[in-house]
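The values are calculated or read from the model by the stated rules, or taken from the named source; none is laboratory data. Worth saying up front: this structure is predicted, and the values here are computed from it rather than measured. For neighbour counting, all protein chains shown are included, and Cβ atoms are generated from backbone atoms with ideal geometry for every residue, glycine included. Just so you know, the surface numbers come from the protein's heavy atoms only, side chains and all, with ligands and any DNA or RNA stripped out. Shrake-Rupley method; radii C 1.70, N 1.55, O 1.52, S 1.80 Å.
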Amino acid sequence: MTRVTFISADGEQVSTVDAEPGQRLLEVAQADNQPLEGTCEGQMACSTCHVIVAAEDFERLPAASEEEEDLLDLAAHATRTSRLACQILLTEELERLDVRIPPGATNWMGR
Ligand code: FES
């Protein structure tokens, strides 16, 4: 089980959910109604699943692939700890993960 905490871009809304190993962060975020569009559904053809991972958690994730790094270059408000949520697989070892939603992110409902 991974305890995932989503923090809104302005830091005012915090949501914590328990996710099962094997789930992708994008599906956990969408199930929690977080504003991540994920247009290409993990096909590495967009960057609308961009999240900013807390520095201490970022270090514990497997490194991003070159393809992911390239897509992150296109993401608005990318930081040193940015990742694509569709590429983060939650594992038993990953006990917690804090992520911030970038400014201006929207989901299919436009929020
Ligand atoms: S959903 Fe498109 S790259 Fe993640």
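A few remarks follow.
- Long-range amide H partners of SER82 with built H, under 5 Å: VAL53
- From phi via Karplus (6.51, -1.76, 1.60), per-residue ³J(HN,Hα) for segment 53-58 in Hz, x at Gly/Pro: 8, 4, 3, 5, 7, 4
- Amide proton proximity set for HIS50, modelled H, under 5 Å, gap of 5+: ALA85
- The chain: C-alpha gyration tensor shape, a/c 1.5 cut-off, then a/b vs b/c: rounded
- Basic side chains Lys and Arg get +1 at the Cβ, acidic Asp and Glu get -1 at the Cβ, and with that the dipole of segment 13-111 about its Cα centre reaches some 420 debye.
- Whole-percent carbon and sulfur share, accessible surface of the chain, 1.4 Å: 47 percent
- In the full protein context, the chain carries 56 Å² of accessible surface per residue, based on a 1.4 Å probe and ignoring ligands, DNA and RNA.
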